[in-house]
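Derivation of every value follows stated rules applied to the coordinates shown; laboratory data play no part. Note that the structure is predicted; figures quoted are calculated from it, not measured. Neighbour counts are summed over all protein chains in view; Cβ atoms, including those assigned to glycine, are modelled from backbone coordinates with ideal geometry.
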Amino acid sequence: MDSLDSTIAFVRVVSEGATPGERETLRACLSRSLPEIPPRYFYDDVGSALFERITGLEVYYQTRTEILILERYAKEILASSDPTQVVELGSGAGRKIRLLLEAWGSAAAGGTCGMLDINELFLRQSLERLGADHPTIQFRGIVGDFVEDVDRIGAPGRRLVVFFGGTIGNLYPHERRAFLRKLAAGMDHTDTMLVGVDLVKHPARLEAAYDDPDGVTAAFNRNMLTVLNRRFDADFDPSGFEHRALYDAENAWIEMRLVAGRACRVNVRSIGMYLDFAQGEELRTEISCKFTRASLASSAAEVGLVIDGWFTDPEALFALALLRKQAS
Ligand SMILES: C[S@@+](CC[C@H](N)C(=O)[O-])C[C@H]1O[C@@H](n2cnc3c(N)ncnc32)[C@H](O)[C@@H]1O
């Protein structure tokens, strides 16, 4: 445990280099009939900065809409949740939690705020900024993986766990179930969870949000190959791959892919694996599930949670769902 100042504790629970478990997971993902890369590898410092640029794009309605919903409903959400501790998973630049902390107002004094993210630089920077503006709140930063390390967020009891940005949609349905089950198991009846979800809408609007005309999302997608080169001693040529975004209506998810522009062989040395791509062959780098109130309610019900509040924008583009344990 390290300390940024008297009100900010900081801990890293993921390794800086690739672990044997990570290598095994990557090997399994790359061995699928449509090879995949786990989306956590988007977020090195360059990727996190590119994601921040994406959040400001005209086509990317998600961030501004979720902020609008928070501005409108943060007080109502807090009144219903009545937390003494707030924990954000995948906190990124920390802009949204700021709105929640501001709405928490004087009730926040003596409260705690935990933030967990895979990117250390963004986590440190956001903790420093928030800590300076909210000296009566105790902050705790965890550099960790929100799937593997979610049990490190501390004890339950009037705890509000927030998961903004539609990031829950990056988990496959079976991963989402396991993740929510783990979270629900760590909750008591005074705890709540606030989840930001992107809503099902016209495929053209969704595909445009993941394929901006300035190519920022394409750069974000390709950067993942640079991350793999560094972390797994691979030799991808990112310029040899094209960005592609497509909506899969049956699964209600967007997929981001990278398409080989020419035949190539890639050596991923640290896992002892060669990948042969024919021109046009693809890699899947992300899914982003889209929800309706009913589909989220059914996901929540599988793990004994119910939707206790549903906050959306006038166009119903995005929603914040407040979940709590089903009364027994
Ligand atoms: C889609 S961004 C959302 C950022 C921010 N919450 C927002 O709403 O703008 C996903 C965030 O989750 C983090 N992240 C991605 N995968 C992660 C993982 N497996 N464990 C922890 N953090 C992760 C990224 O670093 C990034 O900050």
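See the values below:
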| quantity | calculated |
| --- | --- |
| Inter-probe distance in nm under a simple model that places probes 7 Å from Cα toward Cβ, at Val13 and Arg64 | 3.7 nm |
| Residue with peak Gaussian network fluctuation, the chain [Cα springs, cutoff 10 Å], from Thr192, Thr25, Thr217 | Thr25 |
| Of Ala74, Ala49, Ala204, the one that fluctuates the most in a GNM where the chain has Cα springs shorter than 10 Å | Ala204 |
| Contact order normalised by residue count of region 74-212, Cα under 8 Å, 6+ apart, percent | 26 percent |
| GNM flexibility winner over the chain from Ser91, Ser33, Ser288 (Cα, springs under 10 Å) | Ser33 |
| Relative contact order, percent, region 216-267 [alpha-carbon distance under 8 Å, six or more residues apart] | 33 percent |
| Cα centroid separation - region 252-270 against region 295-328, whole Å | 35 Å |
| The chain - Rg and Dmax from Cα coordinates, angstrom | 19.7, 60 |
| Helix-only mean residue ellipticity at 222 nm for the chain, each DSSP H run of n ≥ 4 adding -39500 (n - 2.57), per residue, nearest 500 | -11000 deg cm²/dmol |
| Exposed-site-free run, longest, the chain (rule: trypsin sites (Lys or Arg not before Pro); DSSP loop; at most 15 other C-beta within 10 Å) | 33-157 |
| Loop-located GluC sites (Glu not before Pro) in region 175-254, at most 16 other Cβ atoms within 10 Å (DSSP) | Glu250 |
| Between region 70-137 and region 187-244, the alpha-carbon center distance in angstrom | 24 Å |
| Stretchable slack from Ser328 to Val259, in nm (0.36 nm times residue separation minus alpha-carbon distance) | 19.9 nm |
| Farthest toward positive dipole pole in the chain [+1 Lys/Arg, -1 Asp/Glu at C-beta], among Leu116, Phe232, Val268 | Leu116 |
| Nearest-0.05 FRET efficiency for Arg205 and Cys29, computed from C-beta distance (R0 25 Å) | 0.30 |
| Cut-off under 5 Å, modelled amide H: who pairs with Leu194 long-range | Val161, Val162, Phe163, Leu323 |
| Relative contact order %, the chain, counting alpha carbon pairs below 8 Å whose residues are six or more apart | 21 percent |
